[in-house]
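Everything on this sheet refers to the single structure shown next.
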Amino acid sequence: MTEQVPSPQFNSRNIRIFLSSTFMDMNAERNYLLTKVMPELRRICRERAVTLTEIDLRWGVSEEDSRNGLTVELCLMEIDNCRNHPPFFIGFLGERYGWIPRHHDLLSYWESRKESPYAQRIQQALEQGISVTELEMRYAFLENPSASDHARIFLRSKELTDALFAEQENPQREGFYDPADNKLDTLKDELRSGPFVGIDGYKSVEQFGQAVYEFLYEQIDNIYPSGSAPSTEEQRERSHKIYSASRRQEYVPLPDMRNKVLHAIIDAADAGKSGYVLIRGESGLGKSALIADLQLWLPTQGNYWVHCHHTGSDGSHFLDDWVLRILNALKSSGHLSDPISESVKQRWEDLPMALRSVQQGLNQTLVVLLDALDQMHDEDVIGRLSELFLVPGVVLVATATPQIEVPVDRWQILTMDSLNQSTRRAMIEAYLKRFDKNLDPALLNTIVADDATRVPLFLRLMLEELRLHAAHETLGVLAQELLATNNAAALFKHVLQGLDRDFVRPNQTNLASQAAQLLALSWRGLFEHDLSFLLASPTDDC
């Protein structure tokens, strides 16, 4: 059984394309795609508010480096990831069949990944004696013909292979020609019998690139037509919805905190009471998840209209953008007739009256959830919020770390406590249920009782590591190793050090740590192709 990535709850406007080929013999095509085709398609996608990312796991990695089970599993995992963001697969073949792994090649993989959802399919490939390239194509679409609309294979002419081979300074024939006892011809015949081949026998790299461009452009235009780009406001709303949904995944509600917040809202909504509630707690205690939970739970507890804002989830860390989002939401209620001002200053002045109009029109308590005040980039965030006049029936519920000081005469302060053992157990069981896993009762009790797991972030990171890397025989040892790190920061560093060891390369012993540092420096993250260039060794062929 393979692990299929669920379709996203919200349209992410992402396209992820897996590039599949053999190694050195297809460098010319791969380089043409990366330098000519993909940049132009990315420009078109940007105009339509779509992110396009090509996944080329062979880039910057030698064939020898790739010959391990973790790389094979990563290929299948990425195909699944791309599958839900079509068009998802471009394959190209010349006169070389590719590496056929043997069981002894993957011994280290079997020792650590026996319970991987991909282990069974990799084992089948070993029994079938097929190459990793054929495995990618079978996994992507040959075993799933319904994928034919979003996957294409391009077959190179032998004449072009001969010409490219002749251009090599030190040609190695096995690097360009390897039919593998007719396995290559058998695979090509099967591909030709289906609807997957874009060009059979392209005679130039430029012809190949143009065909790939035309196929992908048509796909992009069908899925995201020109002029269909959402407005900036719509893109922001989608970002907040996706973030909220991610925080609620496997979330175990906290009844005590729910009730404390509800009582504070009821108290604050009374005439003459403070309309400000602050949920305070250290990083990693689950404040964002609580806010996401309250967004759906509060309307079930009374006559509440709820607006939720997660600072930074849409790329903004400023109160002015928060005010604009609220005004747009109030406008959509149908009880705000005046247009939203183009002036930022005027929007702040208009907000109290807009809240009052909608509150009276809906006859509901308006609850404004504002997550992560400590991540706002404005000066004097608390001062600006505290001066905002909230009419009776309107309550602001915000979260922040303890470093944020608030005037206690204006704000009700609720403290976010660490997890008790009962909640920890419930969170672990919810996580395990999602992945159809279980833990030995004694080990479960050990994890629940350990002081480090009182922090939800630590507990989640630990469970992810156990799921991804522990075999049944090593589960207890790995759990103790992870618990010994004692806090989320140390655990994350420990995980990165493990990845550094798994993916070590000559002169590059800290690839994972370096990648994490680069990602941390970017508020919005990096495209895979950008990250590849930044992480490449000077000797990499790119």
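The values are calculated or read from the model by the stated rules, or taken from the named source; none is laboratory data. As the structure is a computational prediction, the values presented were derived from the model and not from experiment. Because the Cβ atoms are built from the backbone with ideal geometry, glycine has one as well, and the counts that use them run over all protein chains shown. To get the accessible areas, we keep the full protein, side chains included, count just its heavy atoms, and leave off ligands, DNA and RNA. Shrake-Rupley method; radii C 1.70, N 1.55, O 1.52, S 1.80 Å.
For the chain, the longest principal axis of the alpha carbon atoms and the long axis of helix 69-83 meet at an angle near 60°.
With the convex hull of the Cα atoms taken as the outline of the stretch 214-260, the averaged projected area works out to 5.6 nm². Solvent exposure of Trp411, expressed as accessible area, is near 10 Å², computed with a probe of 1.4 Å over the protein chains only.
Ser422 contributes an accessible area of around 90 Å² to the protein surface, as traced by a 1.4 Å probe with all chains present. Note on Val368: accessible area is roughly 10 Å² with a 1.4 Å probe, heavy atoms of protein only. May I ask you to derive the relative contact order of the stretch 258-414, considering only C-alpha pairs under 8 Å and at least 6 residues apart, and to give it as an integer percent? For the stretch 258-414, the relative contact order is 40 percent.
Can you give me the relative contact order of the stretch 121-222 as a percent, contacts being Cα pairs under 8 Å and 6 or more apart? Once normalised by length, the contact order is 33 percent. Note on the stretch 80-205: Kirkwood hydrodynamic radius from all Cα pairs is 16.1 Å, rounded to one decimal. For the stretch 365-457, applying the loop criterion from DSSP together with a ceiling of 14 other beta carbons within 10 Å to the GluC sites (Glu not before Pro) yields Glu379, Glu387, Glu405.
Rounded to the nearest 5, what is the percent of antiparallel bridges among the DSSP beta bridges in the stretch 65-203?
Details: 0 of 10 bridges.
Rounded to the nearest five, the antiparallel share is 0 percent.
Looking at the stretch 357-436, the accessible area is 48 square angstrom per residue; that uses a 1.4 Å probe and ignores ligands, DNA and RNA. Taking one quarter of the surface of the convex hull spanned by the alpha-carbon atoms of the stretch 161-311 gives a direction-averaged projected area of 18.6 nm².
With +1 on each Lys and Arg Cβ and -1 on each Asp and Glu Cβ, how big is the dipole of the stretch 60-212 about its Cα centre, in debye rounded to the nearest 20?
320
Pairs with C-alpha atoms separated by more than 28 Å, drawn from the list Lys260/Lys437; Lys114/Lys287; Lys36/Lys493; Lys241/Lys331, are Lys260/Lys437; Lys114/Lys287; Lys36/Lys493. Here the translational diffusion coefficient of the stretch 312-464 follows from Stokes-Einstein with Rh set to the Kirkwood radius across Cα pairs; for 20 °C and 1.002 mPa s it amounts to 114 µm²/s.
Evaluate E = 1/(1 + (r/R0)^6) for Arg501 and Asp181, where r is the Cβ-Cβ distance and R0 equals 35 Å; express this FRET efficiency to the nearest 0.05.
According to the calculation, E is roughly 0.45.
Less than 5 angstrom separates the built amide H of Thr311 from those of Asp371, all sequence-distant by 5 or more or on a different chain. Globularity index of the chain is 1.13 (Cα radius of gyration / 2.2 N^0.38 Å, N = number of residues).
Farthest towards the positive end of the charge dipole of the chain, among the residues Cys75, Gly498, Trp348, is the Cα of Trp348, using unit charges on the Cβ of Lys, Arg, Asp and Glu.
Evaluating 6.51 cos²θ - 1.76 cosθ + 1.60 at θ = phi - 60° for every residue in the stretch 490-495, the Karplus couplings come out as 5, 5, 4, 4, 4, 4 Hz, glycine and proline recorded as x. Computed from Cα atoms, the angle from the helix 319-332 axis to the main principal axis of the chain rounds to 80 degrees.
Dipole size in debye (nearest 20) for the stretch 251-334 around its Cα centre, Lys and Arg Cβ +1, Asp and Glu Cβ -1?
Working: 7 positive and 8 negative charges, 22 e Å.
It works out to roughly 100 debye.
Near the amide H of Arg96, within less than 5 Å, lie the amide hydrogens of Asp178, all on another chain or at least 5 residues away, with H placed in the peptide plane. Counting only protein heavy atoms and a 1.4 Å probe, the stretch 265-350 has 41 square angstrom of accessible area per residue.
Expressed as a whole percent, the accessible area of the chain that falls on carbon and sulfur atoms is 50 (1.4 Å probe).
Assuming charge only on the beta carbon of Lys and Arg (+1) and of Asp and Glu (-1), the dipole of the chain about its Cα centre is about 1400 debye to the nearest 20.
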